[in-house]
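Scroll down for the structure; my scribbles are underneath it.
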Amino acid sequence: MCTVTVLGRCKERFRRPGFSLAARFADFVRDSFGEYVFRRSPPGPTRAVPTASSLHRPLPALERRLRRAPERAFAARTFRALPNCCGSIVGVMTQPTPPTPEQPLTAFARLHHRADAPLLLPNAWDHASATALVAQGFAAVGTTSLGVAAAVGLPDGAAAALDATLALARRLGQDSFLFTVDAEGGFSDDVAEVAELARKLYEAGAAGINLEDGRPDGTLAPVELHAAKIAAVKAAAPALFLNARTDTHWSGAREEETTTRLAMYEQAGADGVFVPGLSDPVRIAELTALLAVPLNILYAPTGPTLAELTELGVRRVSLGSLLYRRALAAAVDAATAVRDGRPTDLSAPSYAQVQRLAMRDGTTPGGAGPGLPTWTAPDPLGPAD
């Protein structure tokens, strides 16, 4: 028998992907409803172990209890996923234990647990793009490592843009909106250095950090190293929402490792996980059923749509470098259209509107007053520069 307090050790015996999720699920049940005893059974329907105890509760009743509390929906999903990753689970309720107080969710973390829709996270590359997005009603923004690096003439993913990333975070932190920082792989493989970066970002005002296991040459960092970075970041800045990214699908080389890596990152303390390049609805649904933390997917114009991702249980959808690349394309298109005499739409924010993005008058984030008006025409009277 494996009780809830030692269920996590069973993964050493069974070596099955996702068993660490079962351990966390069991701990959640214990803290919320009292002690349950679990053991692994042969494949078959999930059932309760017969007992004469007056405290006996069959597992279907446990699932109903989990379903009744919206904030415990992740546990109900994990419960249903356990037979697929670990074999059927059977159990009985034993002596209740006092509930363990949980760390309250931060404002940014709560955006990942809304019942109506996932967090749509646009990614900015400088202060102006971030404040313009917030002024249009986005609850939070992320940074794009490609945009931040390219804007200062550096390559993305090569640990070259540390100073630019910190500088942008410190500037964004002077305003009052929520933002999370794409920090590549932490700009180092030294765990202590990554933890120190996380502390600096949190002190600058960041609400979250994105850490990836992909490397510039297309390989992946050792899973143990990335898990150690995650644990170190959470120890250094516990309130910083850590989104752990795996590039198994982005690189297209080691997709079969996705579940194992996500389980390791979740166990190390990740608050959410990110799988860019994953677009198969069936696989997305499998992950949302298995994971106990929010799943982040990179939006792709080819689909799935935002509505479809919502139905699949995705809790965060990032735009990545899309906006930066679109801005580059728009700039080049406008310049070449003028040069070549092609008709083109030159609608743009006015000089005054852009100036207002840099002002902090306390009325809205970025000092944008009651919100930037929709810009539909160029500003012919503004200064040329």
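The values are calculated or read from the model by the stated rules, or taken from the named source; none is laboratory data. These numbers were taken from a predicted model, which means no experiment stands behind them. Positions of Cβ are generated from backbone atoms using ideal geometry, with glycine treated the same way; all protein chains shown enter the neighbour counts.
Limited to the stretch 238-248, what total is found for residues that are in contact (Cβ under 8 Å) with a residue 60 or more places away in the chain and buried (at least 20 other Cβ atoms within 10 Å of the Cβ)? Adding up the residues that qualify gives 2.
Take A109 and tell me if it is assigned to a loop (DSSP other than H, G, I, E, B), modelled with pLDDT of 55 or more and among the aliphatic types (A, V, I, L, M). Against the criterion (assigned to a loop (DSSP other than H, G, I, E, B), modelled with pLDDT of 55 or more and among the aliphatic types (A, V, I, L, M)), A109 does not qualify. Can V275 be described as assigned by TED's automatic domain parsing to the domain that holds L262, more than 12 Å from P118 (Cβ to Cβ) and under 16 Å from the mean Cα position of the chain (by Cα)? Spelling it out, V275 is indeed assigned by TED's automatic domain parsing to the domain that holds L262, more than 12 Å from P118 (Cβ to Cβ) and under 16 Å from the mean Cα position of the chain (by Cα).
Can you give me the number of residues within the stretch 217-242 that are at pLDDT below 95 and in contact with a Ser or Thr (Cβ under 9 Å, 6 or more places away or on another chain)? Of the residues in the stretch 217-242, 2 are at pLDDT below 95 and in contact with a Ser or Thr (Cβ under 9 Å, 6 or more places away or on another chain). All conditions in (1) in contact (Cβ under 8 Å) with a residue 40 or more places away in the chain; (2) touching a Lys or Arg at 6+ places or on another chain (Cβ under 9 Å); (3) closer than 25 Å to W125 by Cβ hold for V275, with the sole exception of (1). Does A206 count as in a loop (DSSP other than H, G, I, E, B), of a type in the set (A, V, I, L, M, F, W, C), assigned by TED's automatic domain parsing to the domain that holds T165 and closer than 21 Å to L119 by Cα? Yes. Can you find even one residue in the stretch 195-203 that is of a type in the set (D, E, K, R), under 24 Å from M264 (Cα atoms) and not in a loop (DSSP other than H, G, I, E, B)? Checked the stretch 195-203: at least one residue is of a type in the set (D, E, K, R), under 24 Å from M264 (Cα atoms) and not in a loop (DSSP other than H, G, I, E, B).
Among the conditions (1) in contact with a Gly (Cβ under 7 Å, 6 or more places away or on another chain); (2) modelled with pLDDT of 90 or more; (3) closer than 24 Å to L119 by Cβ, T364 misses just one, which is (2). Exactly one residue out of R316, R261, R283 is among the charged types (D, E, K, R) and touching a Leu at 6+ places or on another chain (Cβ under 6 Å), and it is R316. Does any residue in the stretch 114-140 that is under 21 Å from L328 (Cα atoms) and assigned by TED's automatic domain parsing to the domain that holds G153 come within less than 6 Å, Cβ to Cβ, of a residue that is in a helix (DSSP H, G or I) and of a type in the set (V, I, T) six or more places away or on a different chain, and which pairs are these? Here the result reads W125/V148, each pair linking the stretch 114-140 to a residue that is in a helix (DSSP H, G or I) and of a type in the set (V, I, T). A count restricted to the stretch 250-273 and to residues that are touching a Ser or Thr at 6+ places or on another chain (Cβ under 9 Å) and within 17 Å of G185 (Cβ to Cβ) stands at 9.
Can you confirm whether the stretch 163-182 contains a residue that is in contact with a Leu (Cβ under 6 Å, 6 or more places away or on another chain) and either surrounded by fewer than 23 Cβ atoms within 10 Å (Cβ to Cβ) or hydroxyl-bearing (S, T, Y) (or both)? Full working, then the answer.
Step one: filter the stretch 163-182 for residues in contact with a Leu (Cβ under 6 Å, 6 or more places away or on another chain), giving 169, 179, 181.
After this cut, where a residue has to be either surrounded by fewer than 23 Cβ atoms within 10 Å (Cβ to Cβ) or hydroxyl-bearing (S, T, Y) (or both) as well, the list is none.
Looking through the stretch 163-182, none of the residues is in contact with a Leu (Cβ under 6 Å, 6 or more places away or on another chain) and either surrounded by fewer than 23 Cβ atoms within 10 Å (Cβ to Cβ) or hydroxyl-bearing (S, T, Y) (or both).
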